[in-house]
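First the structure, in the form of structure tokens, and then the observations on it.
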Amino acid sequence: MFNERTLRLVFRAAAVYNIIWGIVVIIFPQFLFDLGGLPRINYPFLMSGIGMFVGVYGYGYWVVANEPRRYPQLVIIGLLGKTLGPIGWVYHVFNGDVPARTLWVNVFNDLIWLPFFVGYLWWYYRGAGRDTAAT
């Protein structure tokens, strides 16, 4: 399915994407609201905080890219975020809190990465990743 070289490239790409996305949200906290045609929020520093979290995830993905056999826990944390985030967003769409047109954010930030995160865990736990994890 996946090999170490592919996983290194994917996690580097995920790292760069998350760091850039995080910086954009930190600097322009109203960006997503403007893009989605939503009213601006009263407390933009909250979105800047979310941007900081996204950027920190990026650092974690960079660490995984450098040593993929050593940090499956970081991938599990990322997988949880990329799974639970869209579930929560869908809940709020069905609740009428945000319009469905905002779901595209989850496609780029979460859903396109899910197959790679699951593929990494498959690769790691079926033995390929753990072979030299202790060294």
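We did not get these values from a lab; they are worked out from the coordinates using the rules stated. What you are looking at is a predicted structure, and each value in this text was computed from that prediction instead of being measured. No Cβ is skipped: glycine too gets one built from the backbone with ideal geometry, and neighbour counts run over all protein chains shown.
Does the range 83-96 contain any residue that is closer than 16 Å to TYR17 by Cα, touching a residue at least 12 places away in the same chain (Cβ under 8 Å) and not basic (Lys, Arg)? Among the residues of the range 83-96, not one is closer than 16 Å to TYR17 by Cα, touching a residue at least 12 places away in the same chain (Cβ under 8 Å) and not basic (Lys, Arg), which makes the answer no.
Considering every residue within the range 96-106, establish whether at least one is β-branched (Val, Ile, Thr), part of a loop (DSSP other than H, G, I, E, B), surrounded by 14 or more Cβ atoms within 10 Å (Cβ to Cβ) and at negative phi. Looking for residues that are β-branched (Val, Ile, Thr), part of a loop (DSSP other than H, G, I, E, B), surrounded by 14 or more Cβ atoms within 10 Å (Cβ to Cβ) and at negative phi, one finds at least one in the range 96-106, hence yes.
Go through the range 19-33 residue by residue and tally those that are closer than 18 Å to THR102 by Cβ and either exposed (fewer than 13 other Cβ atoms within 10 Å of the Cβ) or in contact (Cβ under 8 Å) with a residue 24 or more places away in the chain (or both). Residues that pass the stated criteria total 4.
Out of GLY36, GLY55, one residue alone is out of contact with any Phe, Trp or Tyr (no Cβ under 7 Å at 6 or more places or on another chain) and either closer than 23 Å to ALA100 by Cβ or β-branched (Val, Ile, Thr) (or both). It is GLY36. Put simply, of TYR59, TYR120, TYR91 the only residue that is in contact with a Leu (Cβ under 9 Å, 6 or more places away or on another chain), in a helix (DSSP H, G or I) and of a type outside the set (A, V, I, L, M) is TYR120. Annotation: PRO68 fulfils all but one of (1) surrounded by 14 or more Cβ atoms within 10 Å (Cβ to Cβ); (2) not in a loop (DSSP other than H, G, I, E, B); the unmet one is (2). Would the range 108-121 turn up any residue that is exposed (fewer than 11 other Cβ atoms within 10 Å of the Cβ) and either farther than 14 Å from ASN18 by Cα or within 14 Å of the chain's Cα centre (by Cα) (or both)? So far as the range 108-121 goes, no, none of its residues is exposed (fewer than 11 other Cβ atoms within 10 Å of the Cβ) and either farther than 14 Å from ASN18 by Cα or within 14 Å of the chain's Cα centre (by Cα) (or both).
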